[in-house]
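Some notes on the structure that comes next.
Please treat every number below as a calculation from the coordinates, not as lab data. All values derive from a computational prediction rather than experimental measurement. Positions of Cβ are generated from backbone atoms using ideal geometry, with glycine treated the same way; all protein chains shown enter the neighbour counts.
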Amino acid sequence: MNNVTPIKNPGRLEMMRIDLQDSLRKSRIEPQNLSSFQRILLTTDGTVTDMLEAKLWEGIQIVKLYQEKITTDTLIPYLDVGVNTDILARKVLLQGKDTGHNHVYAESIIVPDRLGERIRTGLLEAKKPLGLLINEERLETYREILSCDLEKAEEISEHFNIAPDANLISRTYRVFAHQQPVMLITEKFPETAFK
């Protein structure tokens, strides 16, 4: 007698977390066409830096491309932020320390007033990834995946040495601490990476 449980939806990924299911269902990404590690990067609620270091067996550093403290002139609903709120906008690369290879491009909007002093100082002065700063502070967080998608690399292509019309895989999520959203992050990497 065969005790194998039949697969309900061949080719579909059934996940326990509703936010992950919804984000993949709404995207143009076919999860079965991704490598295992690409799927992990899209669906993790852990720190991407740690995963990259474990996968690549190389230390990861951040390269700040842009960072500015600004005051909002519009609402940012995903962060529950109104007009005239101070935020920190950042664009960084997660880069191999030994190889200098860029693995992930990330954009983030952070509400500094909702974070402790050490994390705020670390964001402005240190060259540490967000996840490491959060871990060092032992800040309890929750990540909610908002979307996953395929998009053209365009101007980001230069950081990965790929054509502007090459695809990037992206995900956007928000980070909660103290029961309020503190960060909105979008991470992108080439569709051909981590195969």
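Just a few scattered comments:
- Two-site FRET efficiency, Arg120 against Asp165, from Cβ-Cβ distance with R₀ of 41 Å, rounded to 0.05: 0.60
- Among Ile70, Ile156, Ile169: highest mean-square fluctuation, GNM of the chain, C-alpha pairs under 10 Å: Ile70
- Separation of alpha-carbon centers, the range 51-66 and the range 77-145, rounded to whole Å: 14 Å
- Links that overshoot a 22 Å alpha carbon limit, given the list Lys64/Lys97; Lys64/Lys188; Lys26/Lys188; Lys26/Lys55; Lys26/Lys91; Lys64/Lys195: Lys26/Lys55; Lys26/Lys91; Lys64/Lys195
- Amide proton proximity set for His103, modelled H, under 5 Å, gap of 5+: Leu94, Gln95, Gly96
- Computing FRET efficiency as 1/(1 + (r/R0)^6) for Glu58 and Glu136, where r is the C-beta to C-beta distance and R0 is 22 Å, gives about 0.60.
- Here the range 51-68 is scanned for amide nitrogen atoms under 16 Å from the site 7 Å beyond the Cα of Asp86 along Cα-to-Cβ, giving 68.
- Spacing of the modelled spin labels on His101 and Lys69, each 7 Å from Cα toward Cβ, amounts to 3.8 nm.
- Dipole moment magnitude, nearest 20 debye, the chain about Cα centre, only Lys, Arg, Asp, Glu C-beta charged: 400 debye
- Ordering Val63, Pro31, Pro164 by Cα displacement along the dipole of the chain toward the positive end leaves Pro31 in first place; charges were set at the Cβ atoms of Lys, Arg (+1) and Asp, Glu (-1).
- Each of Ala54, Leu146, Thr72 was scored by the projection of its Cα onto the charge dipole of the range 18-190, and the greatest displacement toward the positive side belongs to Ala54; charges sit on the C-beta of Lys, Arg, Asp and Glu.
- For the range 87-94, backbone phi angles converted through the Karplus equation (6.51, -1.76, 1.60; θ = phi - 60°) give residue-by-residue couplings of 10, 10, 9, 9, 10, 9, 10, 9 Hz, Gly and Pro being listed as x.
- The 3J(HN,Hα) values that the Karplus relation (6.51, -1.76, 1.60; θ = phi - 60°) gives for the range 60-67 are, in residue order, 10, 10, 9, 10, 6, 8, 7, 7 Hz. Gly and Pro appear as x.
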